[in-house]
Every structure is written in C-alpha cells, then in structure tokens.
1. Of everything in the range 19-40, what is over 22 Å from Phe132 (Cα atoms), touching a Gly at 6+ places or on another chain (Cβ under 7 Å) and part of a loop (DSSP other than H, G, I, E, B)? Give them in sequence order.
2. Within the bounds of the range 69-76, is there any residue that is modelled with pLDDT of 85 or more, in a loop (DSSP other than H, G, I, E, B) and of a type in the set (A, V, I, L, M)?
3. How about the range 41-64: which of its residues are outside any loop (DSSP other than H, G, I, E, B) and not charged (D, E, K, R)?
4. Just checking, does the range 50-66 include any residue being loosely packed, with under 14 Cβ neighbours inside 10 Å and under 13 Å from Ile172 (Cβ atoms)?
5. Return the residue satisfying two criteria in turn: it lies in the range 156-183 and is within 20 Å of Val82 (Cβ to Cβ) and modelled with pLDDT under 95, and of such residues it is nearest to the chain's Cα centre (by Cα).
Amino acid sequence: MIREDELNPQNQEPHMADELNPGLNFLSLTKSQQESFRPSPLPVLTRFEAGACVYKWTSYPLVNPKSGRITEYWSTWDSLKVGSQVVPGFKELRARYANTGGSVGRPQEFARSRNAVTEQWNPMDSLLKAQFLKPVWGLVGVTAGQRKFDDPAHPTEQDNVFFIGGDYQLVIPNLTTDWIKKL
C-alpha cells in the first residue's frame, strides 16, 4: 500500500525538509538541463552531505549578478562512487592533466571541452569552490557534447567546432545561499 505522503511531497516528513531536492528525477529537469546529459548511462540521483564540496571554472561569483541565481551545474571536488562508476574529483583532474607548472590553462581547457561550456556562456577564467550547508540531492551523469559556438544569428567559420563532453557533471536545481556557500 502507498501512503498519501509518498504521493504528495508537501506532506514530507520533517527531516526531508532539511534536504534539497529529495524527490528529484530526470523528468523534473528543464529541457535544457536534460539535454546537458548524454542519454547513456542515465544520470543517477545522488545525495551529498552537508560539508561536501563542489567546484566549477567560471567568471562569475557564486550568485550570478546578471540572473541573481546560483547555477545548477557543478563538478564534484572529491571523487565519489556512483553505482559501479568512479566519478573523478578535482585532484584527479589535476593529476590527469599534469598541472606541474602551476598554470591553470590545461585543466581549464579540459573542463571547457569535456563539460561542453561555450565561450558565449562563460569565459571560465577562475576556479569557484563551494560547500553544501545542508544535504542536497542532485543528478550525476555524463555531459553531452555541443557546438563551441552556438549563435545562429552570428555564424562563424568556427561553427563546426564541437566540444565532446564526456566528463561527469552534477546538476542541482534550486540552489540558494541557504544550501551552499563559496569557500
């Protein structure tokens, strides 16, 4: 038998109100969020404890001054296991791309290509690390590829350049400063 509170999220138990997105599923994402994932393997709903950290390469502060929002797209700071897959963290990224000279160029270039972030969206000139203040749920999956420049109104010879995607991403809708802080 299914209880009514299982069907109606407003009747959640009190401890569930202390977690962000506990009932999140792929179909509840926007079309844009859904399309940011490759169709296979399917993104997995994952719980992140208070204190867990995430990061992204960005040119914006935690709260984007243009939109007044916190982005839902992140990468995991520490590696984690999701099913049988190990999702690498920032340390593994640096080791893989031999950032031995102290330059941030190679990891940024990797992040732009493998996270498929167009230059129109974000110059990605600095690292933003953040920490969850309370438990949050997000979908972890593989980033879909996309064109480097996607502006039909201003076509260029670079329209044929394609970012391959393929890195893991974490999508957490509804983030506010009640749930996450910049470190």
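1. Arg38
2. Of the range 69-76, the ones modelled with pLDDT of 85 or more are 69-76.
So of that shortlist, the ones also in a loop (DSSP other than H, G, I, E, B) come out as 69-72.
Then keep just the ones that are of a type in the set (A, V, I, L, M); that gives 70.
Among the residues of the range 69-76, at least one is modelled with pLDDT of 85 or more, in a loop (DSSP other than H, G, I, E, B) and of a type in the set (A, V, I, L, M), which makes the answer yes.
3. Residues of the range 41-64 outside any loop (DSSP other than H, G, I, E, B): 44-48, 53-58.
Residues satisfying the conditions are Val44, Leu45, Thr46, Phe48, Cys53, Val54, Tyr55, Trp57, Thr58.
4. No, the range 50-66 contains no residue that is loosely packed, with under 14 Cβ neighbours inside 10 Å and under 13 Å from Ile172 (Cβ atoms).
5. Result: Gln169.
The values are calculated or read from the model by the stated rules, or taken from the named source; none is laboratory data. Bear in mind that the values here come from a model prediction, so they are computed numbers and not experimental data. With ideal geometry, Cβ positions are generated from the backbone for all residues, glycine too; neighbour counts draw on all protein chains shown.
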